[in-house]
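Asks: The structure's right below; bear with me while I get my questions together.
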Amino acid sequence: MSYWISMHDRVEAYLDIRRSLGYALRVEGEELKRFARFAETQGHKSALTVDLALAWANASQKVSPVYRARRLEIVRCLAKYCVLFEPETEIPAPGLLGPAHRRVTPHIYSQQEIADLLKAAGHLAPQDGLRPLTMKCFLGLLASTGLRVCEALRLTRNDVNFANGVLTVWETKFRKSRHVPLHHTAVEALNEYAHLRN
């Protein structure tokens, strides 16, 4: 006898338990809801099967092989949860559709590229507005600290300690906070931007 009535029930139970443990699962949650709708359109009412998971992962041939493998990997996580309650659940083998992640080779900007980027940011329109100053300061901060874009976007004035030359970055990856030391030139640039913004 099935523990759940529909695939939607399985997905909701899985997402509820994972989110209660602190996982956001924004993208994965949306993908699993699509999977549940797919299962319903296929008339699938029993435990999760490898055939169903493969059919869904391969449903759109317009996407890349990595994306199809990622879709299958997401359903595999759901299957590993479902098998605890429904032993007849089939768990797709890892890597069944190939690698689910592709690491893009990072580009490390040269000093000249950074200088060119900052110069171009300074020429953004409107020239008499705050936008060019903000973008130049923002890009300079990223280049000088190595902050993630989302971390830099969340910064407030209170996060900058001009006297000690330290940035406080709150609730970063894995919900940790940290202090980032600033070079004196970065402190001067942030201080100048703060005055201009005022």
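Asks: Report, to the nearest 10°, how far helix 26-41 tilts away from the longest principal axis of the Cα atoms in the chain, using its own Cα long axis and a range of 0 to 90°.
Replies: 30 degrees
Asks: If the only charges are +1 at each Lys and Arg Cβ and -1 at each Asp and Glu Cβ, what is the size of the charge dipole of the range 7-87 around the Cα centre, to the nearest 20 debye? List each step's numbers first, then the result.
Replies: Working: 14 positive and 10 negative charges, 55 e Å.
Roughly 260 debye, rounded to the nearest 20.
Asks: What are the lysines whose alpha-carbon lies under 27 Å from the alpha-carbon of residue 33, with same-chain residues fewer than 8 places away excluded?
Replies: 45, 62, 80, 173
Asks: Obtain the nm distance between the two label points defined at residue 85 and residue 153 by a simple spin-label model: each point lies 7 Å from its Cα along the Cα-to-C-beta direction.
Replies: The modelled label-to-label distance comes out at 3.5 nm.
Asks: At a 1.4 Å probe, what is the % contribution of carbon and sulfur to the accessible area of the chain?
Replies: Values: 7460 of 13040 Å².
Carbon plus sulfur share of accessible area: 57 percent.
Asks: I've got another one for you. Straight-line reach from residue 119: which lysines have Cα under 27 Å away, leaving out those fewer than 8 places along the same chain?
Replies: Straight-line reach from residue 119, under 27 Å: 136.
Asks: Is there a quick way to get the dipole size of the chain? I mean about its Cα centre, with the Cβ of Lys and Arg at +1 and of Asp and Glu at -1; what is the value in debye to the nearest 20? If you can, show how the numbers build up before the last one.
Replies: On the way: 27 positive and 20 negative charges, 25 e Å.
It comes to approximately 120 debye.
Asks: For the range 106-169, what does the accessible surface come to per residue with a 1.4 Å probe? Please give it in Å².
Replies: Working: 4240 Å² over 64 residues.
Heavy-atom SASA per residue in the range 106-169 reads 66 Å².
Asks: Only one of the values (1) 20.7; (2) 18.7; (3) 19.3 was calculated from this structure for Kirkwood radius over Cα pairs in Å; name its label.
Replies: (1)
The values are calculated or read from the model by the stated rules, or taken from the named source; none is laboratory data. None of these values were measured; they are calculated from a predicted model. Quick reminder, even Gly has a Cβ in these numbers, built from the backbone with ideal geometry, and neighbours come from all protein chains shown. Surface areas here come from the heavy atoms of the whole protein model, side chains and all, with no ligands, DNA or RNA. Shrake-Rupley method; radii C 1.70, N 1.55, O 1.52, S 1.80 Å.
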